[in-house]
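These notes concern the structure reproduced below.
The values are calculated or read from the model by the stated rules, or taken from the named source; none is laboratory data. In this text the structure is predicted, and so the values were computed from the model without any measurement. Note that each Cβ is placed from the backbone with ideal geometry, even for glycine, and that neighbours are counted across all protein chains shown.
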């Protein structure tokens, strides 16, 4: 999405962040998604066969970019959860 790219560029241009501060997470594994979502739903998202009514329900039309963005966000959320889990038990 253009707005996110522009925010990133501005933060770098104004030296609020350095390139070392930024990274793109790996996409979450499909099998990990199936642990928390119905397998038929995950497969429909992966294959681009998500019903129009489900696309309206989640608020986004299906596209390969939407799928990749969701998988990257899910992986990043999982990394944050692991960090806070370690922090709570004093191993971070």
inquiry  = Can you list residue pairs whose Cβ atoms sit under 7 Å apart, with the first residue in the stretch 38-57 being touching a residue at least 24 places away in the same chain (Cβ under 8 Å) and the second being surrounded by 12 or more Cβ atoms within 10 Å (Cβ to Cβ) and assigned to a helix (DSSP H, G or I)? Count only pairs 6 or more apart in sequence or on different chains.
reply    = 45/67
message = For the stretch 22-52: of the residues being loosely packed, with under 11 Cβ neighbours inside 10 Å and under 30 Å from residue 10 (Cα atoms), which is nearest to the chain's Cα centre (by Cα)?
response = 24
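Here is a yes/no grid of residues against (1) closer than 24 Å to residue 82 by Cβ; (2) outside any loop (DSSP other than H, G, I, E, B); (3) modelled with pLDDT of 90 or more:
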residue: 6; (1), (2), (3): no, yes, yes
residue: 15; (1), (2), (3): no, no, yes
residue: 24; (1), (2), (3): yes, no, no
residue: 40; (1), (2), (3): no, yes, yes
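Quick check, is residue 34 out of contact with any strand residue (DSSP E or B) (no Cβ under 7 Å at 6 or more places or on another chain) and at pLDDT 90 or above? Full working, then the answer.
On the way: out of contact with any strand residue (DSSP E or B) (no Cβ under 7 Å at 6 or more places or on another chain): yes; at pLDDT 90 or above: yes.
The answer is yes for residue 34.
For the stretch 70-79, does any single residue satisfy the condition of being at pLDDT 90 or above, assigned to a helix (DSSP H, G or I), surrounded by 11 or more Cβ atoms within 10 Å (Cβ to Cβ) and in contact with a helix residue (DSSP H, G or I) (Cβ under 9 Å, 6 or more places away or on another chain)? I'd like the intermediate steps shown before the answer.
The first filter runs over the stretch 70-79 and keeps only residues at pLDDT 90 or above, leaving none.
The answer is no; no qualifying residue exists.
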